[in-house]
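Colleague: Sharing a structure here in structure tokens format.
The values are calculated or read from the model by the stated rules, or taken from the named source; none is laboratory data. Treat the numbers as computed from the prediction; the structure is a model and nothing was measured. Note that each Cβ is placed from the backbone with ideal geometry, even for glycine, and that neighbours are counted across all protein chains shown. Ligands, DNA and RNA are stripped out before the accessible areas are found, and what is left, the full protein with its side chains, is counted by its heavy atoms. Shrake-Rupley method; radii C 1.70, N 1.55, O 1.52, S 1.80 Å.
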Amino acid sequence: MTRRRGGKRPIRSNGENGRYAHITGWGAEVPERVLTNHDIEKMVDTSDEWIRERTGISERRIADDRDTTVTLGIRAARKALKRANILPDDLDLIIVATGSSEHLFPSTACLIQDQLGATRAGAFDLLAACSGFIYALGMAAGQIKSGQAQTVLIVGTEIFSRITDWNDRGTCILFADGAGAFVLQVSDTPGGVREVVLHSDGSGGDLLSVPSGVRATWNGSEPPPKSVIYMNGRDVFRFAARVMTSAIEEVIRNTGLMLSDIDVIIPHQANLRIIDASMRSLKFPSERVIINVERYGNTSAASIPIALVEAVEQGRIKANDRLVVVGFGGGLTWGAALLEWDVIPTTASYGRDVLREGLYILARVRSLLNRMMRFLESVFVRGPSKSHWRLLKRSENSPPHSEPKK
Ligand code: COA
């Protein structure tokens, strides 16, 4: 078998045409408040021992009232932009994976775009539940490889504590809050996001769902379901263990590699038993699997980026490592990506850091001025109406525009 320099088997290129999507920036953000299993023991009929044994989770982070998916996402995004040493204006596109956004629209992505001052960027949310980050990675890499974009920001941000039924012991032990962000940039050096496989099976939609306020019909004979997580834990467990293994095998096969060529696997952090079961069936060494579910619980679309960022910061991922990230979740959805951690070195510059911080302040001022100008224009050009005052008041008080804490 041909091996490239450094003894590594070459990766089969699938439609990259000399344009590679490299990860050049990353950042994660978790709320400070820790909720332990012992805290949950006081809320529902459960025990620390049961939760640890069945899920591997000991504690998780819960957002305080001032945080939203936007504020957590912005803080993660700012870290990623700083690490990539780029300015908000360099972004062509912002993709946010979230299943817990405050609005159906405006998207969390647009609100993050506004607060970053990424004036050139398109922005949209993507809903693929806990697989969201893999889907976002696929969309971002596709845009870069096709020449549609040079620089893309992807963010996974969740406040699942607000869609959790805290009386349901089957779900409230699992889910939590957090955010992670990556910057992807084009390069002609082979590396970065080399392959992504995405799958879905809507026939299993009812196994894991959160009803929205929008219902086509409701007969009125019983109250509509609350916007909280409904889950069939046993069936989701079986589905997850199966697709995690098959997605890893598929993404590796597509690149002409073998499992032994993979240095590290970063799975969606849903349940330690799911991860263990699929790694056992693959016979992949557990010391090369990144696991932090015991400290953060299941943060849905944020779980993979939080785990990856932590692994990089702990030095568990080295230059030229080949990684597989794999996710599964509601939809049903699942997928995996194969990455080469060929980070192109960027030289941090103090001047640019200061400029970036200045641009964030400017972005807030611009956002406020834009809203005021729109209001004044409507009052003076078309005459005032009650709805103008209502809209202005709402946009001033609306949480998405609130100041990120740090
Ligand atoms: N504490 C104590 N007992 C609990 C409990 C809790 N938090 N939750 C459920 N139980 C009970 C059940 O009521 C049941 O009792 P019974 O036998 O008297 O009826 C018993 O424990 C076993 O329930 P079961 O649902 O079979 O447990 P399990 O071993 O499958 O574990 C999950 C439940 C939710 C931890 C597990 O199914 C799971 O993790 N599934 C995957 C969920 C997931 O990852 N979702 C997100 C995907 S992105």
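Colleague: Tell me which of Y20, L198, A141 sits at the most positive position along the dipole axis of the chain, charges placed on C-beta atoms (Lys, Arg +1; Asp, Glu -1).
Modeller: Y20
Colleague: Which residues make up the longest stretch of the chain clear of chymotrypsin sites (Phe, Trp or Tyr not before Pro) that lie in a DSSP loop with no more than 16 other Cβ atoms within 10 Å, not counting the sites? Could the numbers behind the result be given before it?
Modeller: Working: sites that count: W166, W218.
By the stated rule (loop sites, at most 16 other Cβ atoms within 10 Å), 219-406.
Colleague: Checking the a/c ratio against 1.5 first, then a/b against b/c, what shape does the Cα gyration tensor give for the chain?
Modeller: Judged from the Cα gyration tensor, the chain comes out oblate (a/c at least 1.5, b/c at or above a/b).
Colleague: Averaging sequence separations of C-alpha pairs under 8 Å and six or more residues apart, then dividing by the length of segment 6-143, give the relative contact order as a whole percent.
Modeller: The normalised contact order for segment 6-143 reaches 23 percent.
Colleague: If each residue of separation counts as 0.36 nm, what is the full-extension length gain between V214 and V381 once their alpha-carbon separation is subtracted?
Modeller: 56.6 nm
Colleague: Report the extension gain between D201 and R66 in nm, rounded to one decimal, defined as 0.36 nm multiplied by the number of residues separating them, less their alpha carbon distance.
Modeller: This chain segment gains 45.0 nm when fully extended.
Colleague: Compute the Rg/Rh shape ratio of segment 206-311: radius of gyration over Kirkwood radius, all on alpha-carbon atoms.
Modeller: Using Cα coordinates only, the ratio equals 1.10.
Colleague: At 1.4 Å probe radius, can you tell me the per residue accessible area of the chain in Å²? Write down the numbers at each step before the final one.
Modeller: Numbers: 18620 Å² over 406 residues.
For the chain, the per-residue accessible area is 46 Å².
Colleague: Let me ask you something else. With each label point set 7 Å from Cα along the Cα-Cβ vector, what nm distance links R242 and N14?
Modeller: With each label point 7 Å from Cα toward Cβ, the separation is 2.2 nm.
Colleague: Let me ask another. Springs between alpha-carbon pairs under 10 angstrom, Gaussian network model over the chain: which of S286, S47, S260 fluctuates most?
Modeller: Highest fluctuation of the listed residues: S260.
Colleague: Taking 7 Å along the Cα-to-C-beta vector as the label spot, tell me the R280-D188 distance in nanometres, rounded to one decimal.
Modeller: 5.0 nm
Colleague: For the chain, modelled as a GNM with alpha-carbon contacts under 10 angstrom, which of S349, S58, S100 fluctuates the most?
Modeller: S349
Colleague: Over its Cα atoms, what ratio of radius of gyration to 2.2 N^0.38 Å does segment 1-159 give?
Modeller: That works out to 1.28 for segment 1-159.
Colleague: Follow-up question, since we're still on this one. Using helices alone, what [θ] at 222 nm do you get for the chain, with -39,500 (n - 2.57) per DSSP H run of 4 or more residues, divided over all residues and rounded to the nearest 500? Don't skip to the end; give the middle numbers.
Modeller: On the way: 11 runs with 145 residues, N = 406.
Mean residue ellipticity, 222 nm, calculated: -11500 deg cm²/dmol.
Colleague: Take the solvent-accessible surface of the protein heavy atoms, probe 1.4 Å, and return the percent of it on segment 127-230 that carbon and sulfur atoms account for.
Modeller: 51 percent
Colleague: How high is the FRET efficiency between L127 and E41 when r is their beta carbon distance and R₀ equals 30 Å, given to the nearest 0.05?
Modeller: That gives a FRET efficiency of 0.35.
Colleague: Remind me, relative contact order of the chain in percent, using alpha carbon pairs under 8 angstrom and six or more residues apart?
Modeller: Reported relative contact order: 24 percent.
Colleague: Restrict the search to segment 1-106; then list the GluC sites (Glu not before Pro) that DSSP places in a loop and that have at most 11 other Cβ atoms within 10 Å of their Cβ.
Modeller: E32
Colleague: Still on this structure, please answer the following. Evaluate E = 1/(1 + (r/R0)^6) for D235 and R33, where r is the Cβ-Cβ distance and R0 equals 41 Å; express this FRET efficiency to the nearest 0.05.
Modeller: It comes out at approximately 0.85.
Colleague: Any chance you could run the full-extension gain for L368 through W166? It's 0.36 nm times the residue separation minus the Cα-Cα distance, nm to one decimal.
Modeller: 69.0 nm
Colleague: If you don't mind, another one. Of the lysine pairs in the chain, how many meet both conditions: Cα atoms under 15 Å apart, and a spacing of 8 or more in sequence or different chains?
Modeller: Step by step, the pairs that qualify in the chain add up to 4.
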